[in-house]
Amino acid sequence: MAAIAAAKAGHFWAARAAYGLGLGAIVAVLEFAHYAPLVDERGGIGLAELALLLPDWCGEFVLLSLVVGYAEVRELPREPSALKLGLAVVLGAFAGALAWYAVLDAVLRDLLGLGLFIDRVGQPVTWAGRIFYHAWMMIFFGGLAVAVEASLRRHARMLAELRAAELRRAGAQQRLAAMSLGALQSQIDPELVFRTLSRLERLYEDDPTGADRLLDELVGFLRRALADIQASGAVPAQPT
Amino acid sequence: MTPQWMSWSSLWRGGLLALAVVFVLSTQLLFQFSLYESWPLADILAGWLQYFVEQLLVGGCIFALIAGTAFVPTRSRVLRHVLLLLAIVLGALAGEFLLILRQQPSLDASAIAILGARVARWLVVAGLAYLYFFFRRQAAQAAAQVHESELQRVELDRRMTEARLQTLRSQIEPHFLFNTLANVQELYRTDPGRGRRMLASFVAYLRTALPRMRHDETTLAHEVDLARTYLDVLQVRMGERLKVRFDVPRDLAGLAFPPLALSTLTENAIKHGLNPLPEGGAIDIQARREGRQLKVGVTDTGAGLRASGGPGGGIANLRARLAALYGGEASLALEANTPRGIRATITVPIRAGSGGQA
């Protein structure tokens, strides 16, 4: 059991990371498309720069996605509120931007001497400027994606609830139908009995043998009807 | 010719969402720190306002086209998504094209590349915003259906309770009917006079019982009549073994009383109380008012609780009926009578009978 739960948890975090990776790649491509025409005159940027941009944004979005995932797991089995999700997005965006910038600065620039994308573009950007710009991008695109995800989950939950409600309704309908059938079977039409008895009263004056036969029939009918009722179980048998 | 899946409220919500997205999108300008180093704050704010208006123009184009797709009559989901994609791309293209044309009259390669980048960005933004809106609306529709389904279920449950009540009520009839008729039949063969009297009493009983059988409430007077005609039928059968006494004040006659409740108790008193005893006994029916309550008791001098093996199905059904009609306000008490037999008392809240005499 624990292994399954762990595997499920591992699956969850892997999916979260992949989600961040995909979102980061989309934003990286958008950013690349945004910068490409601007720096065109200075010699242009190519696939090498796109390759630099990808880890830049992907890393940040993976961190953001993991923070949002933590906010969701913390609230399980309930859904986190919109406020908490928003808070997670803002926190995750700033923390992700800061942490990933530190990693890039230490690994890419200092250790590998590669230089960051912003160095290639040639704009002098302070680290605070970079953090805020990246945080905004993550809050905007990450926030939109989280909103879409939350509405998708809500939709799925509502559909499940609808199925359950329909099942309950169908059950109630079925029970009612069974009940009505039982009630129908157990109802010996009092009007019919009343009319037959009135006729019987008159008939005994004129034709006692005929009346006797009629009464025989009526008692036979009632006996069968009673047996039916008790067999159907709609009415518990009464001692007579 | 508004398509059914697009209502004014969803248009209004969609517009509000588009406005919010455009507004948040425009704040990107404020997050560019390099601006604060080279421009005064007032200029930045003015630039932000202009940027917001520009984005609003593009967002508006996209929104108008998306709303327009609602008027394309198609049931195909694929076509609907293609239309949506087209609406976003064309809307963004139109809006951004206008913006670029304002800045530079001729389009060069770089301007086209900028246009492409912006359209791609709008595609992601508007696509995500639309997905969010779409699933939210679907979820709201599903929630409304859940509500509707629950309402129907509650209604079905109510009808179920009603049907159960009907069945409980009709339970008294067939057995009594059968036993009496079997008796009538036998009597006609041995003692036609008594048989005739019994049949006449029984028809009188049905005449009293029938019009009221299916109603929820009747008057005490009517119920007492019913019990009296019922006991008349049995009197023919039991003769000296049955003595009956009624003590029902006239001023209580018009009060409301649950149907066939008194009959059930009377029937029980005969069946479990007097019938098993060779010497028979007496049945005493009395009604009295106590404060805001009406108490009607049926006392017999029969075999008693112990001999009858506790209350039967008829008593349980009567309790269920009382609970269904009055909730906790009514009760049925069974106690031992001295020196012998059972005293059953029904207590109901006092209300004027609605139907009067039948």
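Every read-out reported here was derived from the displayed coordinates using simple, explicitly stated rules and does not represent laboratory data. Please read these numbers as outputs of a predicted model, since none were measured by experiment. Because the Cβ atoms are built from the backbone with ideal geometry, glycine has one as well, and the counts that use them run over all protein chains shown.
Taking the Cα centre of the range B:191-349 as reference, the dipole from Cβ charges on Lys and Arg (+1) and Asp and Glu (-1) amounts to some 220 debye.
Principal-axis analysis of the Cα atoms of chain B puts helix B:192-209 at an angle of about 30° to the longest axis.
Taking B:R77, B:R196, B:R343 in turn, the Gaussian network model of chain B (Cα-Cα springs below 10 Å) assigns the largest fluctuation to B:R77.
Each peptide in A:81-93, A:129-141 gets a packing score, the mean of other Cβ atoms within 10 Å over its residues, and the list from highest to lowest is A:129-141, A:81-93. The longest part of chain B holding none of the exposed loop chymotrypsin sites (Phe, Trp or Tyr not before Pro), meaning those outside H, G, I, E and B in DSSP with at most 12 other Cβ atoms within 10 Å, is B:72-358. Seen against the Cα atoms of chain B and their longest principal axis, helix B:313-326 is set at about 50 degrees. Here the simple spin-label model places points 7 Å from the Cα toward Cβ, and for B:F23 and A:D110 these points are separated by 4.3 nm. Between B:R13 and B:Y51, residue separation times 0.36 nm minus the direct Cα-Cα distance comes to 11.3 nm.
Could you calculate the contour length gain from B:A352 to B:A111, that is, 0.36 nm times the residue separation minus the distance between their Cα atoms, to one decimal place in nm?
Working: separation 241, 0.36 × 241 = 86.76 nm, distance 8.89 nm.
My answer for the length gained is 77.9 nm.
What the Cβ-Cβ distance of B:Q185 and B:A316 gives, at R0 = 35 Å and to the nearest 0.05, is a FRET efficiency of 0.70.
Expected output is a single nm value to one decimal: the length gained when fully extending between B:S38 and B:L79, i.e. 0.36 nm times separation in residues minus the C-alpha distance. What is it? Working shown, then result.
Details: separation 41, 0.36 × 41 = 14.76 nm, distance 4.94 nm.
Roughly 9.8 nm would be gained on extension.
Expressed as cubic angstrom per residue, what is the convex hull volume of the alpha carbon set of chain B? Can you show the working numbers first?
On the way: hull volume 102.2 nm³, N = 358.
Per-residue hull volume (Cα only) is 286 Å³.
Across the options B:A200, B:A323, B:F246, the greatest Cα extent toward the positive end of the charge dipole of chain B (unit charges at beta carbon of Lys, Arg, Asp, Glu) belongs to B:A200. Helix B:109-190 and the longest principal axis of the Cα set of chain B meet at an angle near 10°.
From the alpha carbon centroid of the range B:248-297 to that of the range A:134-171 is 62 Å. Put simply, the amide H of B:V244, placed in the peptide plane, has neighbours under 5 Å in B:I283, leaving out anything fewer than 5 places away on its chain.
Picking from B:D300, B:D108, B:D225, which is most flexible by a Gaussian network model of chain B using Cα springs under 10 Å? Of B:D300, B:D108, B:D225, the Gaussian network model singles out B:D108 as fluctuating most. The B:K243 and B:E155 beta-carbon pair, evaluated with R₀ = 41 Å, returns a calculated FRET efficiency of approximately 0.25. Within the listed set B:H81, B:H147, B:H272, the Gaussian network model of chain B (springs between alpha-carbon atoms below 10 Å) gives the highest mean-square fluctuation for B:H81.
Taking the Cα centre of chain B as origin, sum charge times position over the Cβ atoms of Lys and Arg (+1) and Asp and Glu (-1), and report the length of that vector in debye to the nearest 20.
On the way: 38 positive and 28 negative charges, 248 e Å.
For chain B, the charge dipole is close to 1200 debye.
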